[in-house]
1. Residues of segment 207-226 being surrounded by fewer than 12 Cβ atoms within 10 Å (Cβ to Cβ), among the small types (Gly, Ala, Ser) and closer than 28 Å to residue 274 by Cβ, which ones?
2. Which condition from (1) modelled with pLDDT of 95 or more; (2) under 25 Å from residue 61 (Cα atoms); (3) part of a loop (DSSP other than H, G, I, E, B) is the one that residue 250 breaks?
3. Looking at segment 102-113, can you tell me whether even one residue there is assigned by TED's automatic domain parsing to the domain that holds residue 131 and either of a type in the set (Ser, Thr, Tyr) or touching a residue at least 40 places away in the same chain (Cβ under 8 Å) (or both)?
4. Given segment 108-215, what strands (runs of 3 or more DSSP E) lie entirely inside it while holding 3 or more residues that are closer than 30 Å to residue 86 by Cα?
5. Among the residues of segment 255-281, count how many are small (Gly, Ala, Ser) and touching a helix residue (DSSP H, G or I) at 6+ places or on another chain (Cβ under 7 Å).
6. Would you please list the contacts, defined by Cβ atoms under 6 Å and residues six or more apart or on different chains, that run from a residue in segment 177-200 that is in contact (Cβ under 8 Å) with a residue 60 or more places away in the chain to a residue that is assigned to a strand (DSSP E or B) and of a type in the set (S, T, N, Q)?
7. Pull out all pairs, ordered by first then second residue, where Cβ-Cβ is under 8 Å, the residues are six or more apart or on different chains, the first lies in segment 62-84 and is in a loop (DSSP other than H, G, I, E, B), and the second is basic (Lys, Arg) and surrounded by 17 or more Cβ atoms within 10 Å (Cβ to Cβ).
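The values are calculated or read from the model by the stated rules, or taken from the named source; none is laboratory data. What you are looking at is a predicted structure, and each value in this text was computed from that prediction instead of being measured. Every residue, glycine as well, gets a Cβ built from its backbone with ideal geometry; the counts of neighbours run over all protein chains shown.
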Amino acid sequence: MQSTLLLTAVLVFVGPQADGAARAEQAILMRDCSVEVVDEVEVPSKLPGVLRSVEVHEGDEVLAEQEVARLDDKRALIALDMSTKKSENDVNVRYAESASEVAEVEYEQGKRANRKVANTIPPIELRRLELSYKRGALQIEQADREFILESLQRDLDQVTLDNHGIKSPIDGIVVAVNKYQGEAVTAGELVLTVRNINQLRVKGYLKATEVPHSRIKPGQIVEFYADLLGGALAGDTPPFRGKITYVEPGINPSSKEFQVWALVKNNKANDLLPGMYGTMKILGAEEAVALQAAP
């Protein structure tokens, strides 16, 4: 029965005398095509913790990057406050710079004294002054590095705090909420699912014995007519238009069929839904050109 239905994918000819070149220009109808979701995202928690809030319910519309839930973040706030204060504290840097300046002055004074009167400062003492001067320069470098590390720790704590917020990565509709306020979650555990039906995938099969595989290519324009919205080619609802995105690179040896996918745009009311079936029309060249030229 399925094979019989699928065989209804036919070329729409101008007339019985149409030659091969004309046939290549005509539309193709694919019956019993199914509609599937393209953009559906399971939104997990990035961190372990307890949910402080879940802001959405099934059926709510959300925007990309909208916060839909949040973990308890008290510890993260305290950690960020501490690292921020440390990153703003440059006392060690200023002390190291001052100490280095003093050590340099003492060393230079020792050298000048010995130039005036030899051995005024014993060599071992002068060596100690030189070492103190060099140590001061190294202490400045160490203080600078610690200051940078404190700034990086502050940035890391900010990221950790941000990750306590659970955000939807796409625009869409919440179709499932799996966790609620007060429940504990682990890192990576599913909290909710968001689905976008602005664009949907239509899948169907063509018989290679009816339509040459080489005739179908990605980018060809299609129109989809959903059975539940008036049926193929005759319904009151305008067709859903899109383009072929995938042509199966092979033919099933038993059924002689190959699969074709298209991505179609939903209307403003989102009438087209996953699970629907219908007919997909692959436009002929002239019809596609006319459609693209239409205002």
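1. 219
2. Failing condition for residue 250: (2).
3. For segment 102-113, residues assigned by TED's automatic domain parsing to the domain that holds residue 131 and either of a type in the set (Ser, Thr, Tyr) or touching a residue at least 40 places away in the same chain (Cβ under 8 Å) (or both): present.
4. Passing ranges, in order: 165-167.
5. 2
6. Pairs found: 181/53.
7. Once the first residue is in a loop (DSSP other than H, G, I, E, B) and sits in segment 62-84, its partners that are basic (Lys, Arg) and surrounded by 17 or more Cβ atoms within 10 Å (Cβ to Cβ) give 65/167; 66/167.
Residue by residue, here is whether (1) crowded, with 16+ Cβ neighbours inside 10 Å; (2) among the hydrophobic types (A, V, I, L, M, F, W, C) holds:
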| position | (1), (2) |
| --- | --- |
| 30 | yes, yes |
| 36 | no, no |
| 56 | yes, yes |
| 70 | yes, no |
| 90 | no, no |
| 107 | yes, no |
| 118 | no, yes |
